[in-house]
1. If a residue must be within 8 Å of ligand 1 (Cβ to nearest atom) and touching a Lys or Arg at 6+ places or on another chain (Cβ under 7 Å), how many such residues does region 131-151 contain?
2. State whether the residues of region 135-146 include one that is within 13 Å of ligand 2 (Cβ to nearest atom) and among the hydrophobic types (A, V, I, L, M, F, W, C).
3. Across region 90-127, what is the total count of residues that are within 10 Å of ligand 2 (Cβ to nearest atom) and on the phi > 0 side of the Ramachandran plot?
4. With Arg151, Arg146 as the choices, which residue is in a loop (DSSP other than H, G, I, E, B) and not assigned by TED's automatic domain parsing to the domain that holds Glu46?
5. Select, from Tyr48, Tyr64, the only residue that is buried (at least 16 other Cβ atoms within 10 Å of the Cβ) and in the same structural domain as Lys7 (by TED's automatic domain parsing).
6. Does Thr40 meet the test of being under 14 Å from the mean Cα position of the chain (by Cα) and of a type in the set (S, T, N, Q)?
7. Check region 54-67 and report whether any residue there is within 16 Å of ligand 2 (Cβ to nearest atom), on the phi > 0 side of the Ramachandran plot and touching a residue at least 12 places away in the same chain (Cβ under 8 Å).
8. Determine if region 14-29 includes at least one residue that is touching a residue at least 12 places away in the same chain (Cβ under 8 Å), within 15 Å of ligand 2 (Cβ to nearest atom) and of a type in the set (D, E, K, R).
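The values are calculated or read from the model by the stated rules, or taken from the named source; none is laboratory data. Note that this is a predicted model, so its numbers are computed, not measured. Don't worry about glycine lacking a Cβ; one is built from the backbone with ideal geometry, like all the others, and counts go over all protein chains shown.
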Amino acid sequence: MPRIRNKDRASAYRERLRNVGLRHTLPRERILSYLDRKNTHPTPEELYQGLRKKGYAIGLSTVYLNLQVLRDAGLIYEFKDPKGVTRYDGYSKPHHHLACRSCGRVEDILASELPEFLEPVIPEAEAKSNWDLDSARVTFLGYCPRCKRSR
Ligand SMILES: [Zn+2]
Ligand SMILES: [Zn+2]
């Protein structure tokens, strides 16, 4: 693992953390950076293995703890896949999820690749619920290309 760190990237993470009132720490930066680059929606264990594989010696409990801190600050998104497994998402670009009922895999589909279908109904949802809403995400359920073939 090269020791060179991209200064600009590090300060971008520092700013992202500061914006939500969090102190910059290396585990937080590594977790955010990993989730930014991989849209595999890892479980905490997968994230832990992925970081270790990149040569970063982090403990599993540190991963769990920081995932909760980052989730509570709204920097990452926590959700359950169709099998009920908790997964994490870097959530940097507005996107929706395609979830496979058979293998549980969850893929992203960018909101910008679809016609605008949710934003127009936000005012209506606000009127009906009396909530203050700012965004909407959906999960499309079905079968991924691999599972579709074997059905
Ligand atoms: Zn599948
Ligand atoms: Zn996602």
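1. The total comes to 2.
2. yes
3. 1
4. Arg151
5. Values: Tyr64 fails: buried (at least 16 other Cβ atoms within 10 Å of the Cβ).
Result of the check over Tyr48, Tyr64: Tyr48.
6. Details: under 14 Å from the mean Cα position of the chain (by Cα): yes; of a type in the set (S, T, N, Q): yes.
Taking the combined requirement at face value, the residue satisfies it.
7. Taking region 54-67 first, the residues within 16 Å of ligand 2 (Cβ to nearest atom) are 67.
Those left that are additionally on the phi > 0 side of the Ramachandran plot: none.
Taking every residue of region 54-67 in turn, none turns out to be within 16 Å of ligand 2 (Cβ to nearest atom), on the phi > 0 side of the Ramachandran plot and touching a residue at least 12 places away in the same chain (Cβ under 8 Å).
8. no
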